[in-house]
Amino acid sequence: QKVQVLPQTVLYIADAETFSGHEECHEQKKARKRNSKETAIALEKLLPKRCQVLGLVTPGIVVTPMGSSSNQPQEIEEGEAGFALLFPKIDGVKIHTFHFSKDLKNRVFDESKFAEAGLKNNPDLRVVLLFGYNSWKSGATRFLHQIVNPLNEKSIILAGGQVESFTSLTSENNNAQPGDACGVVGLAFSGPQIQSATVLLDQDVADERTAEAAMQRLKAANIPEHNTIGFMFACVGRGYRHYKTKRNMEADAFRKFFPNVPLFGFFGHGEIGCDRIVTGNFVLRECNDIKDDLLHGYTTVMTLIHLGSTK
């Protein structure tokens, strides 16, 4: 007997070449260039209508093939690649998408929108994955600060990075962002059973020893490894160029310490995160009452999200 579990939330990430590749056009007997919107619509047609979908396009991909712990996670910095994470209904866990776009008329962000997105007055909020788009636009960095700063609390894990674009957000009725807009999209994970931790690999982490030391800090968080996902958000300037032609360094270091946790993520244009763990009132490092610096360049953010025990 086959048991089918329908996804309620989907996060898919692909590099630009994969997402706007070529397809056969039989009438004209030649390949034509697909645009990203066509690809996004085709993908969404494969999913349940009520499914929340967030799709991102990035310069490179980090993926564990089939999400299986028997497969080695791969840093794919060049060539076509992509993946999709399909989250079913999970008891005690709520996952929802959100989108904040920069209002050209108002310089001040209306923080009441946080409550509408479940990011404020939500005692069960545990993890927020944030992805900025069109970061090269004027005012984009300032707008990202307006989103990140109010969420910079010790009781919430924040992680993510700057992507090239987003292609799907079902609450937006398939409308990807306008070409001249900038903003933030993301996923929020709420539920008392969720545990999470994150570490930042800064520019000084440049060899196998220092990369593994960062993973030891993450391991020290003692997050349960069953029903857990790993995320890696790295700068396009890292990877094999940063490690002097040695490929897959950070993914291999993660695998060494977390052999049963699948790892996913991307290479992007800026990173969001810090060293932080939240289990009760325990914090991985001394934070005092100072807000963490969450926006970085030329770094890697490694994050664990544990979704609770499975029956």
Per-residue HN-Hα couplings for the range 190-200 [Karplus 6.51, -1.76, 1.60; θ = phi - 60°; Hz; x = Gly/Pro]:
10, x, x, 7, 6, 10, 8, 8, 8, 10, 10
Could you derive backbone 3J(HN,Hα) for the range 136-142 from the dihedral phi with the Karplus parameters 6.51, -1.76 and 1.60 (θ = phi - 60°), listing whole Hz in sequence and x where the residue is Gly or Pro?
7, 6, 4, x, 5, 5, 4
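What number comes out for the charge environment of F264, summing +1 per Lys or Arg and -1 per Asp or Glu over other residues with Cβ under 14 Å away?
Numbers: positive: R255; negative: D15, E75, E250.
Result for the local shell: -2.
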Treating only Lys and Arg (+1) and Asp and Glu (-1) as charged, each at its beta carbon, one finds that the range 62-201 has a dipole about its Cα centre, in Debye to the nearest 20, of 500
With contacts defined as alpha carbon pairs under 8 Å and 6 or more residues apart, what's the relative contact order of the range 39-306 in percent?
27
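Per DSSP helix of 4 or more residues, -39500 (n - 2.57); summed, then divided by the residues of the chain. What does that give at 222 nm, rounded to the nearest 500? Mind dumping the intermediate values first?
Working: 7 runs with 55 residues, N = 311.
My calculation for the chain gives -4500 deg cm²/dmol from helical runs alone.
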About the Cα centre of the chain, how large is the charge dipole given +1 on each Lys and Arg Cβ and -1 on each Asp and Glu Cβ? Please answer in debye to the nearest 20.
540
What residue among N227, P88, P262 has its Cα farthest toward the positive end of the dipole of the chain, where the charges are +1 on Lys, Arg and -1 on Asp, Glu, each on the Cβ?
P88
List the residues whose amide H sits under 5 Å from the amide H of T58, counting only those 5 or more places along or on another chain, with H placed 1.01 Å from N in the peptide plane.
A14, D15, A16, E164
Would you mind telling me which residue in Q74, Q195, Q146 has the biggest mean-square fluctuation in a Gaussian network model of the chain, where springs connect alpha carbons within a distance under 10 angstrom?
Q146
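Leaving out ligands and nucleic acids, note down the accessible area per residue over the chain with a 1.4 angstrom probe, in whole Å². Mind showing how you got there, number by number?
On the way: 15440 Å² over 311 residues.
Per residue, the chain has 50 Å² of solvent-accessible surface.
How much net charge surrounds D252 when only the other residues with a Cβ under 11 Å from the Cβ of D252 are counted, with Lys and Arg +1 and Asp and Glu -1? Walk me through the numbers on the way to the answer.
Working: positive: K246, R247, R255, K256; negative: E75, E208, E212, E250.
Every neighbour counted, the sum reads 0.
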Once a ≥ b ≥ c are taken as the square roots of the eigenvalues of the Cα gyration tensor of the range 97-241, is the result rounded (a/c under 1.5), prolate (a/b larger than b/c) or oblate (a/b not larger than b/c)?
oblate
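In the chain, what percentage of the DSSP-assigned beta bridges are antiparallel, given to the nearest 5? Write down the numbers at each step before the final one.
Values: 59 of 79 bridges.
Given both bridge residues lie in the chain, the antiparallel proportion sits at roughly 75 percent.
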Based on the Kirkwood radius over alpha-carbon pairs, what value in µm²/s does the Stokes-Einstein equation return for the translational diffusion coefficient of the range 39-306 at 4 °C and 1.567 mPa s?
69
Once the convex hull of the C-alpha atoms of the range 72-171 is built, how many Å³ does it hold per residue, rounded to a whole number?
162
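The values are calculated or read from the model by the stated rules, or taken from the named source; none is laboratory data. Not measured: the values here are computed from a predicted model. All Cβ positions, even for glycine, are placed from backbone atoms using ideal geometry, and neighbour counts span all protein chains on display. These accessible areas exclude ligands, DNA and RNA; they are computed on the full protein's heavy atoms, side chains included. Shrake-Rupley method; radii C 1.70, N 1.55, O 1.52, S 1.80 Å.
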